[in-house]
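Chemist: Sending over a structure as structure tokens; questions will come in a sec.
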Amino acid sequence: MSARAERLLRALVPAAALLAFIVVVVGAYVRLSDAGLGCPDWPLCYGKPLPQASHSALGHAGALERAWKEMGHRYLAGALGALIFVIAGVSWAARRFRFHASALAVLVVLQATLGMWTVTMLLKPAIVTLHLLGGMATFALLVLLSLRQVAFPANPAASRIRAAAASALVVLAIQIALGGWVSANYAALACPDLPGCLGHALPPMDFANAFHVFRDLGRTREGELLPLEALVAIHWTHRMFAMVAVGAALGASARAWRTPSLAPAGILVAALALLQLGLGIGNVLLQLPLALAAAHNAGAALLLAALVVLNFFAFKRLSFPQ
């Protein structure tokens, strides 16, 4: 039973990682196409498992299309959750990676809860951002579990890049959170020009309202309309920290380049970091076309996966709980 379960794991985990990537990208597409509240109830859509044109609120094509987008994402996420629970069960049967698989199952429950709150709390920015981070974490943990199933040899020389690789991963996680905050607050076009913002090298900004977590979408903590200066502060912070994230990724890539066995991973990290920078610039210059904005989210997920791979090999000699 154990050998059969291990073979099943080797097939299921990469499939789940691929599905998690799709769920992250589709989730970004749903949010960016303003379909996050296409179905105002959860888990059903106007009380039905599928959107129906006969419902009065879905009487025109745009509303029905948004509802289908939202429900499509929910069903994809549900399929991923079911697959992860299967992986957890098989892991326990195989007596392999039980802690890792159990953590993924717990994360799925948290993600489902955040998904429900995203709808019932009317796209509250803190909930939307946490939901994005949960999706990225699920994808990263599945990539890591895929790597752990393969008996890669340890490379003592890889220990030299541990600090750089770990730092780049932490910095990227912060940048993803900032990007989620930009998207959740619809601040992507708050600075429509480059290299400055609204014609200023340092535009007027309202950081107090920008990063107040416990507030409704588009509102200050007092309930007033969120000022433009707050949206500018959100966008500007993400834009400036992007330089830090790209620098950290390129630094880790340069150190990996000096270790022959890690050079391919280093090249991949550098290429994806530069691609992300280009996509970010393109989104500003082209005024956030939907396909390019979704690609920017996909690029963040791929860069995260590349840094997970780099960290895996950098810390390969360390033991992980089974």
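The values are calculated or read from the model by the stated rules, or taken from the named source; none is laboratory data. As the structure is a computational prediction, the values presented were derived from the model and not from experiment. Reconstructed Cβ throughout: ideal geometry from the backbone, glycine too, with neighbour counts over all protein chains shown.
Chemist: Would you check if Leu133 is assigned to a helix (DSSP H, G or I), surrounded by fewer than 19 Cβ atoms within 10 Å (Cβ to Cβ) and without any contact (Cβ under 8 Å) to a residue 40 or more places away in the chain?
Modeler: On the way: assigned to a helix (DSSP H, G or I): yes; surrounded by fewer than 19 Cβ atoms within 10 Å (Cβ to Cβ): yes; without any contact (Cβ under 8 Å) to a residue 40 or more places away in the chain: no.
Spelling it out, it is not the case that Leu133 is assigned to a helix (DSSP H, G or I), surrounded by fewer than 19 Cβ atoms within 10 Å (Cβ to Cβ) and without any contact (Cβ under 8 Å) to a residue 40 or more places away in the chain.
Chemist: For the list (1) surrounded by fewer than 20 Cβ atoms within 10 Å (Cβ to Cβ); (2) among the polar types (S, T, N, Q); (3) within 18 Å of Glu6 (Cα to Cα), I need the number of the one condition that Ser146 fails.
Modeler: (1)
Chemist: Which residue, of Ala166, Ala190, Ala177, is surrounded by 13 or more Cβ atoms within 10 Å (Cβ to Cβ), over 28 Å from Asp34 (Cα atoms) and at pLDDT 95 or above?
Modeler: Numbers: Ala190 fails: over 28 Å from Asp34 (Cα atoms); Ala177 fails: over 28 Å from Asp34 (Cα atoms).
The conditions single out Ala166.
Chemist: Same structure, new question: Would you please name the residue that is surrounded by the most Cβ atoms within 10 Å (Cβ to Cβ), looking only at residues in the range 92-103 that are modelled with pLDDT of 95 or more and small (Gly, Ala, Ser)?
Modeler: Ala101
Chemist: Being surrounded by 21 or more Cβ atoms within 10 Å (Cβ to Cβ) and within 23 Å of Leu189 (Cβ to Cβ) narrows it down to one of Ala300, Ala256, Ala265, so name that one.
Modeler: Working: Ala256 fails: within 23 Å of Leu189 (Cβ to Cβ); Ala265 fails: within 23 Å of Leu189 (Cβ to Cβ).
After ruling out the rest, the residue left standing is Ala300.
Chemist: If a residue must be touching a residue at least 40 places away in the same chain (Cβ under 8 Å) and buried (at least 16 other Cβ atoms within 10 Å of the Cβ), how many such residues does the range 60-85 contain?
Modeler: Filtering the range 60-85 down to residues touching a residue at least 40 places away in the same chain (Cβ under 8 Å) leaves 69-70, 72-74, 76-77, 79-80, 83-84.
Cutting the leftovers down to buried (at least 16 other Cβ atoms within 10 Å of the Cβ) gives us 69-70, 72-74, 76-77, 80, 83-84.
Residues meeting the conditions: 10.
Chemist: From Val284, Val269, grab the single residue that is under 26 Å from Val26 (Cα atoms) and touching a helix residue (DSSP H, G or I) at 6+ places or on another chain (Cβ under 6 Å).
Modeler: Details: Val284 fails: touching a helix residue (DSSP H, G or I) at 6+ places or on another chain (Cβ under 6 Å).
Among Val284, Val269, only Val269 is under 26 Å from Val26 (Cα atoms) and touching a helix residue (DSSP H, G or I) at 6+ places or on another chain (Cβ under 6 Å).
Chemist: Also: Given the conditions (1) assigned to a loop (DSSP other than H, G, I, E, B); (2) farther than 28 Å from Lys124 by Cα, and given that Ser253 satisfies all but one, which numbered condition is not satisfied?
Modeler: Single failed check for Ser253: (1).
Chemist: In addition: Looking only at the range 216-233, which residues are in contact (Cβ under 8 Å) with a residue 12 or more places away in the chain and in contact with a Leu (Cβ under 8 Å, 6 or more places away or on another chain)?
Modeler: Here is the first cut: in the range 216-233, the ones in contact (Cβ under 8 Å) with a residue 12 or more places away in the chain are 216-218, 221, 226-233.
Those that are in contact (Cβ under 8 Å) with a residue 12 or more places away in the chain and in contact with a Leu (Cβ under 8 Å, 6 or more places away or on another chain): Asp216, Leu217, Gly218, Val232.
Chemist: How do the pairs read when you match residues in the range 96-109 that are free of Cβ contacts under 8 Å to residues at least 60 places away in the same chain with residues anywhere that are of a type in the set (Ser, Thr, Tyr) and crowded, with 17+ Cβ neighbours inside 10 Å, using Cβ under 6 Å and keeping only pairs 6 or more apart or on different chains?
Modeler: These pairs meet every condition: Ala101/Ser91; Leu107/Thr138.
Chemist: Turning to a different aspect of this structure: Residues of the range 176-212 being part of a helix (DSSP H, G or I) and among the aromatic types (Phe, Trp, Tyr), which ones? Outline the logic, then answer.
Modeler: Our first condition is that a residue be part of a helix (DSSP H, G or I); within the range 176-212, this holds for 176-184, 207-210.
If the condition is that a residue be part of a helix (DSSP H, G or I) and among the aromatic types (Phe, Trp, Tyr), then Trp181, Phe207 are the ones that fit.
Chemist: Shifting gears a bit: Go through Leu114, Leu141 for me and flag whichever is within 25 Å of Leu302 (Cα to Cα) and free of Cβ contacts under 8 Å to residues at least 24 places away in the same chain.
Modeler: Values: Leu141 fails: free of Cβ contacts under 8 Å to residues at least 24 places away in the same chain.
Step by step, each of Leu114, Leu141 is checked, and only Leu114 is within 25 Å of Leu302 (Cα to Cα) and free of Cβ contacts under 8 Å to residues at least 24 places away in the same chain.
Chemist: Please indicate, with yes or no, whether at least one residue in the range 184-203 is outside the structural domain of Ser102 (by TED's automatic domain parsing), touching a Leu at 6+ places or on another chain (Cβ under 9 Å) and within 20 Å of Ala77 (Cα to Cα).
Modeler: The answer is yes; a qualifying residue exists.
Chemist: Any residue at all in the range 104-124 that is among the basic types (Lys, Arg), surrounded by 17 or more Cβ atoms within 10 Å (Cβ to Cβ) and either under 17 Å from the mean Cα position of the chain (by Cα) or outside any helix (DSSP H, G or I) (or both)?
Modeler: We begin by selecting, within the range 104-124, every residue among the basic types (Lys, Arg); these are 124.
Then keep just the ones that are surrounded by 17 or more Cβ atoms within 10 Å (Cβ to Cβ); that gives 124.
Adding the requirement that they be either under 17 Å from the mean Cα position of the chain (by Cα) or outside any helix (DSSP H, G or I) (or both) leaves 124.
Yes.
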